[in-house]
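Okay, so here's the structure we're looking at.
The values are calculated or read from the model by the stated rules, or taken from the named source; none is laboratory data. Predicted model only: the values in this text are computed from it and were never measured. A quick note on method: Cβ atoms are made from the backbone with ideal geometry, for glycine too, and the neighbour counts reach across all protein chains shown. Please note that ligands, DNA and RNA were not included when accessible areas were found on the heavy atoms of the full protein model with its side chains. Shrake-Rupley method; radii C 1.70, N 1.55, O 1.52, S 1.80 Å.
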Amino acid sequence: MNYQGKKAAFYTLGCKLNFSETSTIAGALKEVGFERVGFDEKADVYVINTCSVTNQGDKASRNIIRQAVKQNPQAMVVVVGCYSQLKPGEAGNIEGVDLVLGTQEKFHIPAHLGDLSKRPATEIITTRLADIKSYHKAFSWGDRTRSFLKIQDGCDYYCSFCTIPYARGKSRNDSVENTVKEAQKAVEKGYKEVVLTGVNIGDYGKTTGENFLELLKALEQVKGLYRLRLGSIEPNLLKDEIIELVAASTVIMPHFHIPLQSGSDEILSLMKRKYSTGLFEKRIQQIRSIVPHAFIGVDVIAGTNGETVDLFQESYDFLNRLEVSQLHAFTYSERSGTQALKIPWKVDISDRKRRTQMYINLSEKKLRAFYQKHLGTEQTVLFESQKKGTNMSGFTENYIRVETSLRDELINELQKIRLKDILPNGHANFEFI
Ligand code: SF4
């Protein structure tokens, strides 16, 4: 069917992987004639790519879905993403929703649109978890200066607090050759920096018999790619060879994002994580010894079931002594169907929030110390387009955010600078060199 003259609007919630997939989904609608318009504009179809990593994610997804229905009650409303795979009935019960498509179906929206007339009853099409096998390549384009390149999907780890394996299925990926072709396409669209994304990227190669190191070495060779940034990688999969490759590379950025989740071994075992604090600390020391200027971001969850006051303190003290650059602190939220619900010890919600705030305060101290350590150094920054405001910002190779007044001609340009001091908003001030 040809939808020439019809308009489609998209809204993405959640992770970088979702943003890369929305671009691919939008590309499929463009191929059948749709014009892409802003989400706050009138459209014939609204596609909401949802997130369900926390209760907050579910709530935000429902709000955006209702917003789309209100925006144009005659338009078709299509819900995709992790919320639609995990809670299709809930998504389908929202007044005005026409289509709820699961993880496998989300890349085939045009096949389900028909004549775009509103459905008398919501159509829900999802696939059983065990049957989610297909891998769809994706990279984000059109709305940011850096492209998020999907390299892997799904996860086989089943950490006790997490629902993602139930939403995205088993770990899978495309070949190194095809993934390199996708990176080349992003470069041909003008991207100088590509950020690798997936669910468990260190597990790359599971379905092709290749591995993450091989992929990185191949991506380093992509012509015209100036910067390759790694997404979040599990500590047990961040092998020494990968750290050594980053240390020696001029293309792979000195930036590591490593989910710890807790600094207590007892909690890590309740979470069914695949490493100890000892291994995690060894990784940090390895990075600091051969990539001393690297940015290290660490995920941590506060208030998980079983986290007594003492175990929280143990976790806090562990993070306090580690030389990392920033913490991404999350408040634990119960997820239906997860093993963690069987752990009898519950942390009161106000305590969870207080602990999260303690991690946030600790993170601010560490980030400032990291910025301070690099003042006076020469860096290269990639300036990024801004949605609004008169300033522009960008990141150095080791992920220090710099800011200055907007100069359109410098957007998506790599510039040499020297870091000077820290601005009141925490970003760094600099001079061009
Ligand atoms: S590694 Fe654990 S936390 Fe991460 S997606 Fe897989 S199950 Fe979830």
Which is more than 20 Å from Gly297 (Cβ to Cβ) and modelled with pLDDT of 95 or more, of Gln326, Gln339?
Gln339
Just one listed residue, out of Glu323, Glu307, is in contact (Cβ under 8 Å) with a residue 12 or more places away in the chain and crowded, with 20+ Cβ neighbours inside 10 Å, and it is Glu307
Quick check: is even one residue across region 71-86 in contact with a helix residue (DSSP H, G or I) (Cβ under 8 Å, 6 or more places away or on another chain), under 30 Å from Lys189 (Cα atoms), at pLDDT below 95 and away from the ligand (no atom under 16 Å from the Cβ)?
no
Looking only at region 297-343, count how many residues are more than 21 Å from Asp58 (Cβ to Cβ), of a type outside the set (Val, Ile, Thr) and either part of a loop (DSSP other than H, G, I, E, B) or not assigned by TED's automatic domain parsing to the domain that holds Ile258 (or both).
5
What is the residue count in region 216-239 for residues that are closer than 27 Å to Thr380 by Cβ and under 19 Å from the mean Cα position of the chain (by Cα)?
9
Pull up region 245-270, narrow it to residues that are open to solvent by 30 Å² or more (accessible area, probe 1.4 Å) and in contact with a helix residue (DSSP H, G or I) (Cβ under 7 Å, 6 or more places away or on another chain), then point me to the one that is farthest from the ligand (Cβ to nearest atom).
Ala247
For residues that are open to solvent by less than 50 Å² (accessible area, probe 1.4 Å), outside any loop (DSSP other than H, G, I, E, B) and in contact with a Gly (Cβ under 9 Å, 6 or more places away or on another chain), tally how many sit in region 165-186.
5
Look at Lys206 and say whether it is open to solvent by 10 Å² or more (accessible area, probe 1.4 Å), within 16 Å of the ligand (Cβ to nearest atom), over 30 Å from Phe318 (Cβ atoms) and at pLDDT 95 or above.
yes
Please work out if Arg146 is buried (at least 17 other Cβ atoms within 10 Å of the Cβ), among the charged types (D, E, K, R) and under 30 Å from Thr304 (Cα atoms).
no
Would you kindly identify the strands (runs of 3 or more DSSP E) lying entirely within region 375-433 that contain at least 1 residues that are β-branched (Val, Ile, Thr)?
378-384, 391-396, 401-405, 414-422
Selection from region 141-176 of residues that are in contact with a strand residue (DSSP E or B) (Cβ under 8 Å, 6 or more places away or on another chain), within 14 Å of the ligand (Cβ to nearest atom) and among the polar types (S, T, N, Q):
Gln152, Ser171
Filter region 213-244 down to residues that are away from the ligand (no atom under 16 Å from the Cβ), under 17 Å from Lys282 (Cα atoms) and aliphatic (A, V, I, L, M), then give me how many there are.
2
Conditions first: (1) modelled with pLDDT of 95 or more; (2) open to solvent by less than 40 Å² (accessible area, probe 1.4 Å). Lys420 passes all but one, so which condition is the exception?
(2)
Among what's in region 177-189 and is out of contact with any strand residue (DSSP E or B) (no Cβ under 9 Å at 6 or more places or on another chain) and not acidic (Asp, Glu), pick the residue that is farthest from the ligand (Cβ to nearest atom).
Gln184
Could you check, for region 39-51, whether at least one of its residues is in contact with an Asp or Glu (Cβ under 7 Å, 6 or more places away or on another chain) and open to solvent by 10 Å² or more (accessible area, probe 1.4 Å)?
no
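So that you can scan it fast, the table gives a plain yes or no per residue for (1) open to solvent by 30 Å² or more (accessible area, probe 1.4 Å); (2) among the small types (Gly, Ala, Ser):
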{"position": "Thr377", "(1), (2)": "yes, no"}
{"position": "Thr380", "(1), (2)": "no, no"}
{"position": "Glu384", "(1), (2)": "no, no"}
{"position": "Met392", "(1), (2)": "no, no"}
{"position": "Thr396", "(1), (2)": "no, no"}
{"position": "Tyr399", "(1), (2)": "yes, no"}
{"position": "Ser405", "(1), (2)": "yes, yes"}
{"position": "Asp408", "(1), (2)": "yes, no"}
{"position": "Glu413", "(1), (2)": "yes, no"}
Helices (runs of 4 or more DSSP H) wholly inside region 57-128 containing at least 2 residues that are buried (at least 22 other Cβ atoms within 10 Å of the Cβ) and assigned by TED's automatic domain parsing to the domain that holds Glu41:
82-86
